[in-house]
Amino acid sequence: MVALAFTSDTETLLDQAAAHCRSRGQKLTEQRRQILGLILESPRPSGAYDLLDRLRLDGKPAAPPTVYRALDFLTAHGLVHRIERLSAFIGCAHLLGSHGHEGEGHDHRHHGIEAIQFLICTNCRRAFEITDGRIRGAIEEAAAAAGFRPTAATVEIEGICADCAAATAENQTAPALS
């Protein structure tokens, strides 16, 4: 199988992902690497069938079970997250060291609860991973008040991203052409 061509930044992240897998006694196979690369280079979360189509466009033999197995592996090892609202996947911004975070050793578990948060733009469909301890704390506090012990929480917040909000504001202030 011939490897897809990715940007040098993506190749760096893929090498980090391979090292992360090796540190856990696992292997980032070529198929997994290609799927992760496609997810990382996409400006928006990627669905399984989008990934399958992109693999096929590049002449890669792929079937849905292969893509789903790779996504299961990538999710299980914290390299990607599934955004339920979109039924799509996004690379872990923290584990892979993007957004200026050092990814080595990052774990979404803080004090027992896995807390992942996403901001999803309803206009452009991009998703942004955030980590806000106050959100995790509010979930833990509310759960404790109900006598519940959470182990995982994924918060998906829909709205308009800064770029789309700025574009909307710019369009509203533009003079009308007569």
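Here, each number is a calculation from the coordinates, and none is a lab measurement. The structure presented is a predicted model; accordingly, all values stated were derived computationally and were not measured. Neighbour counts run over all protein chains shown; Cβ positions are idealised from the backbone, glycine included.
Which residues, counting only those in the range 54-68, are of a type outside the set (Ser, Thr, Tyr) and surrounded by fewer than 15 Cβ atoms within 10 Å (Cβ to Cβ)?
Hits for the range 54-68 are 56, 57, 58, 59, 61, 63, 64, 65.
Working only within the range 1-18, note down all residues that are exposed (fewer than 12 other Cβ atoms within 10 Å of the Cβ), over 18 Å from residue 90 (Cβ atoms) and not β-branched (Val, Ile, Thr). Write out each step before concluding.
Initial filter on the range 1-18 (exposed (fewer than 12 other Cβ atoms within 10 Å of the Cβ)): 2, 5, 7-9.
Next, only the ones that are over 18 Å from residue 90 (Cβ atoms) stay: 2, 5, 8.
Of everything in the range 1-18, those that are exposed (fewer than 12 other Cβ atoms within 10 Å of the Cβ), over 18 Å from residue 90 (Cβ atoms) and not β-branched (Val, Ile, Thr) turn out to be 5, 8.
Of all residues in the range 23-53, which are more than 15 Å from residue 13 (Cα to Cα), touching a Phe, Trp or Tyr at 6+ places or on another chain (Cβ under 7 Å) and surrounded by fewer than 19 Cβ atoms within 10 Å (Cβ to Cβ)?
Across the range 23-53, the qualifying residue is only 48.
Please note which helices (runs of 4 or more DSSP H) are completely contained in the range 5-80 and include at least 2 residues that are within 26 Å of residue 117 (Cβ to Cβ), without any contact (Cβ under 8 Å) to a residue 60 or more places away in the chain and polar (S, T, N, Q).
Ranges flagged: 8-23.
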